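Below is one structure, written out as structure tokens, with a few remarks after it.
The values are calculated or read from the model by the stated rules, or taken from the named source; none is laboratory data. These numbers were taken from a predicted model, which means no experiment stands behind them. Every residue, glycine as well, gets a Cβ built from its backbone with ideal geometry; the counts of neighbours run over all protein chains shown.
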Amino acid sequence: MADVLMPCAIGVEDAFGPIVESSCLDGFDFTLLFEEALLTTVPIGIASDPTGENSEKVGYSLVAAYAIVYIGLSISYAVYQHKTYRLLTMFRGSLIAMIFDKTLRIDSSAVQDAEAITLMSADIDRIASSMPLIHELYGSFIETGIALYLLYRLLGLAIAAPIAWIIICLVAGIPLAKAAGDAQIPWLEAIEVRLAATAKALGATKAIKMTGLADIVSSRIAGLRLSEIRASRRYRILNIFVFISYFASSALAPVFGFLVYSLLAQKDGNGTLTDGVAFAALSVFELLQQPMMYAIDGVEHVKTIINSFRRIQEYLDAKETEDYRITPETSMSSSRASLYKQADEKDMMLSEKVKLDQHHFSVTVQGSSAGYSEEEMILKDLNFELPRGQTTVVMGPVGSGKSTLLKLLLGELPVVSGTVTTTFSKAAYCPQSPWTTWGSIQSNIVGMSAWDKEWYDSVVSACALAADFSEFPEGDQTCIGTRGARLSGGQQMRVSLARALYSRNSVLVLDDCLSGLDRTTERHVVDAVFGPQGLIKNLGGVTVILATNSSKILYGRWPPQAKYSNILEGHHLSFADYAVVLNSDGAISRHGVRDTVSSEDEIVQTSETENATAIGPAPKAEAELPEELLQELDLLDDPDQGVSRMTGDLKVYGYYAKIAGPWTMFIYLMACATFVFGVTFPSIWVQWWTNANAEHPNDRLGYYLGVFAGLGLLTVVGCTLADRAPTSFLTSTNAGLTINRFSQDLELIDNDLPQSIDSFIFQFMSAIVSAVFVFIGSGYVAAAIPACLALLTVLQFYYLRTSRQLRLLDIEAKAPLFSQFLETVNGIACIRAYGWTQNYLDRNYAALNASQKPFYLLYCIQRWLTLVLDLFNAGVAIMLVGIATNIRNGSTSFLGVALFNIVTFSSTLQTLVTAWTQVEMALGAINRIRSFVKTVEDENKPSETGDVPDEWPQQGAIVFSNVSASYETSSEPVLKDICFSVQPGEKIAICGRTGSGKSSLVSSMLRMLELDSGTITIDGVDVSTIPRQEIRRRLITLPQEPFFLHGTVRENIDPQEEATDERIEAVLRSVDMWEFIESRGGLEELLDDDKLSHGQRQLFCLARAILKRGKILIMDEATSSVDSETDAVMQRVLREEFAGRTIVAIAHKLQTILDFDRILLLDKGNIIETGNPQELLADEVSAFHALHESLGTADAL
């Protein structure tokens, strides 16, 4: 337990004072509560004997006592609650700060984005909802003891019966509560699985639609949603039994007490159940309900808190990154010291030499082997030195460990043996997968560096971004969206490079930063950045370490046999001063100055059919941010949002009821009414019973006790039915409707809404009944009803307008907090390399403080409302007692009913307000889902109902007839009067510069771009008449970026579940992937795409395309970013497996389309040339020839 609470204790050590204050206030609070219950008997006695001695003086004293008790209770409870929720806010801030701080220090290979998101949302929300009950839990034992003593004074030995029944309920309820708390663990785990799958799907929405897998992905996520609901079912069922044990105790304990009391009185013949004893006992029983609830329900909440703390602590105990480098700013850590003690004397002598040569070398690596574990060695026995102030190129075949070597130099990889010494602790790092953050292009380039307009313009120009800015309406102030969604891959890479240059860091570590650029742009960047007059040379003294995939250096790919001299003279390596060459085993093959390496003439052996298995895992896929946690809410904005924020929307209640169904709501409301009737009517029954006892003591005892017991059982039955209704509703809700808001909204809908609705309906009905009973207790009090209603109307007007806005602000303020957290997870290596850890920590604190304000203020206004309502209740109670003790002409029994309900009315109003607040917040989640459903138009049109044969398309003929198309936000068509046809089995390539309309043409075929005019037919069928998903399902599409589903290897490679195991194995063998898959568990193993290299990912997606039946293959630059070996395998597979099929490919590399039948050359949305690529290339006046000459032979079209 101590270990579990340790993380919180660290962050809230200053909160010990508030804990003591809250405990003292809690004790004062329940002391006044029991004084309140004891006072119930006095007004009844005075009203029963209005002529008694000193009754007038006692009456005035009683009014004063009521004023002291009720006003004191109101103030003390408000202060106590304020202290409690202030402490809760401190806990929340401390936990989130610790999670973020840990994330900045955690090993990049250990961080799990879905797990961390769940900790910061679901777990902390559960802690927040359970924490206020901690004080109530330990206080409940004291309250129970006092209550039982008071009951003993009222009922005597008859108290043994209710005590025995309460013990039975506790024995049954507490284990159930513990089990319910434990049952939340699999529920939270199911949330993580669903969150990870949904986030992965959202990150690949375009690819999923292009490949026709939208229905399958949606179905699988819906299945995970149902699995999540099933995982929560055990918790919900156990929760029902917990409530049954609680209400069975509170409803039947008075029955057993009055039964034994009446039987003993009847046996002794010396008394009966009077109204004074009955209503005083009922008041104490009512006050006993809360400690009973806390004793049962509190155990579940404590278990929930412990489990959430344990999950948080497991994350805080996760492995942290340890910088094994020797740098000027760091001293040798104890772990490094023990490592060096094991080094031989030669290594120590070399270390001394390093200190003397630091002004010559930036990096010195001596006998170093590195990997994520000793069993997984990636780099082996490295010995080299990198010159200071010069450009070093790291080369090697695919999977040789180039990217891993850069991580070693940045301190992100553990050193198993040897030493790594650097003259720098910070470096500008440009990773292979560009890291971008939410914000403008300018903010991404500047980062945490100081603003310098002149230098910024120079960097933008050098990175060829100025032309891109001119294409955006807002220029460099354009928001790039989530994960840079509004930028192309090449633009993202250049922004990442620009950030590195703008930082003016003396060390640049660049991981294949020129990949994905077209040849013209690449030449510009190389000359402007690395050339003799480039930025790096002008800065002077800058050390550049550039890892490169040599596939783009000389021939557009790494030839089967290439000499280092050829490679080093090719294109941007001509600017290199030094080279390090790795072999396929992760060891140094050669290193030295460029001329020395070139003169060796060693042959680089590669094979086009060599398995492209990487030694280490590919860069970790970026963590996906749930849509609710982003600021990207443009589609969900309601034009009337400003009004609805203040006034609410009653339609949401109807929307929720409509989804639940009329019969479900009717049964639920009837169950609630039954429960409330069972709770409130017993006081009326006791009134009639005591009236009968006054005239005929203990007469018809069985009748009155039987009905009283029946009402108690009715309470239990009503509670059971009412609690079951929301559970059954959740299991029948359309999961497809709710996955769009899959993080906080689903948490609110799943966890908060059912319980809040139960509480709200119960307390709303109970408040109405209690108010009626209070006002009928004295006819004169009823005259105050208009004033009370007016006061309540004013209160709700101001409170609801304020609380609703604060609740929305609370949700909205969490967006940047979670956004920054996910950005940090995605770019943790960059942040640490740049030395921006403290900057991001400060940013998080700022976002956390902004989030804490509405969170805390929301609780503050709830406490204000509670105080006002308690004072209102105190005024009614004082007025009731004052009238009853001075006018004295009403029924004492009705007065007992009124005084009893006054005792419960305050807590009922408090619970009602809290429940209403929670219902409004949860219904806000439904409102956002409703807004999404209403405002986001379905891409499927009513007219798209055409049917096609099962084997369509059978031939693969495609005809474009006068096709023009434009995007909604564009004023100019991106396709202009396009006319061409593709014969069955023809291979056609689409070429053109960036922005020429290549991707738009493919998008129009897949119905992802609406046509302004013209038609597209496939095998004679107009595609505009066919449902879009059906078209995409019938065509085979290979997108540029590989994507994977959450599931096994089999589920990923054959989503349609049509292929046999033998067929799948044969296809995987054809792409050289079977041995890799088999070595990691086979087809039934869960596919972890983070363990695949980029080439393996693309080959796997190619295998998926082979298994799909169809006559038309569409390739959207599928080979643009792969290495030479993967490209060779893909070209071979395309020739062998897709022979005879129609192929439409967007061309990126010239050599991949030279054997195509025909090309289409686009420019500004027009077809400017078409023909055979070989013939056009030979025609010196053709536009294709001119394009080829301008780009060079190692082109990327």
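Screening Tyr840, Tyr845, Tyr856 for residues that are crowded, with 21+ Cβ neighbours inside 10 Å, of a type in the set (Phe, Trp, Tyr) and either in contact (Cβ under 8 Å) with a residue 60 or more places away in the chain or not in a helix (DSSP H, G or I) (or both) leaves exactly one candidate, Tyr840. Of the residues making up the range 1057-1072, just one is aliphatic (A, V, I, L, M), free of Cβ contacts under 8 Å to residues at least 60 places away in the same chain and not in a helix (DSSP H, G or I), namely Ala1059.
Scanning the range 1042-1058 for residues that are modelled with pLDDT under 85 and surrounded by 18 or more Cβ atoms within 10 Å (Cβ to Cβ) gives Pro1042, Phe1043, Phe1044, Leu1045, His1046. Counting the residues of the range 422-460 that are under 32 Å from the mean Cα position of the chain (by Cα) and aromatic (Phe, Trp, Tyr) gives 3. Of all residues in the range 389-435, those being of a type in the set (Val, Ile, Thr) and free of Cβ contacts under 8 Å to residues at least 60 places away in the same chain number 1. Every condition in (1) in contact with a Leu (Cβ under 8 Å, 6 or more places away or on another chain); (2) within 16 Å of Ala207 (Cβ to Cβ); (3) of a type outside the set (Asp, Glu) holds for Leu1092 except the one numbered (1). Taking the range 361-457 as the region of interest, the strands (runs of 3 or more DSSP E) fully inside it that hold 1 or more residues being farther than 30 Å from Gln492 by Cβ are 361-373, 376-387, 415-422. Looking at the structure I just gave you, is Leu858 modelled with pLDDT of 85 or more, under 30 Å from Asp107 (Cα atoms) and of a type in the set (A, V, I, L, M)? Judged against the criteria, Leu858 is not a match. Assessment of the range 944-954 against the conditions (more than 43 Å from the chain's Cα centre (by Cα) and either closer than 20 Å to Arg1028 by Cβ or modelled with pLDDT of 75 or more (or both)) yields at least one matching residue.
If the condition is being surrounded by 19 or more Cβ atoms within 10 Å (Cβ to Cβ) and part of a loop (DSSP other than H, G, I, E, B), then the range 824-837 contributes Gly827, Trp836.
Scanning the range 247-260 finds one or more residues that are more than 19 Å from Val299 (Cβ to Cβ), in contact with a Pro (Cβ under 6 Å, 6 or more places away or on another chain) and not aliphatic (A, V, I, L, M).
Note on the range 983-1056: enclosed helices (runs of 4 or more DSSP H) holding 2 or more residues that are touching a helix residue (DSSP H, G or I) at 6+ places or on another chain (Cβ under 8 Å) are 1028-1034, 1049-1053. Counting only residues that are surrounded by fewer than 21 Cβ atoms within 10 Å (Cβ to Cβ) and either at pLDDT 80 or above or touching a His at 6+ places or on another chain (Cβ under 6 Å) (or both), the range 957-972 holds 6 of them. If we keep just the residues of the range 976-999 that are of a type outside the set (Lys, Arg), surrounded by fewer than 21 Cβ atoms within 10 Å (Cβ to Cβ) and closer than 13 Å to Phe960 by Cα, which is modelled with the lowest pLDDT? Once the filter is applied, the top-ranked residue is Asp977. Might you check whether a residue that is assigned to a helix (DSSP H, G or I) and without any contact (Cβ under 8 Å) to a residue 12 or more places away in the chain occurs anywhere in the range 186-196? Checked the range 186-196: no residue is assigned to a helix (DSSP H, G or I) and without any contact (Cβ under 8 Å) to a residue 12 or more places away in the chain. Exactly one residue out of Ser250, Ser227 is of a type in the set (Gly, Ala, Ser), under 18 Å from Tyr152 (Cα atoms) and at pLDDT 75 or above: that is Ser250.
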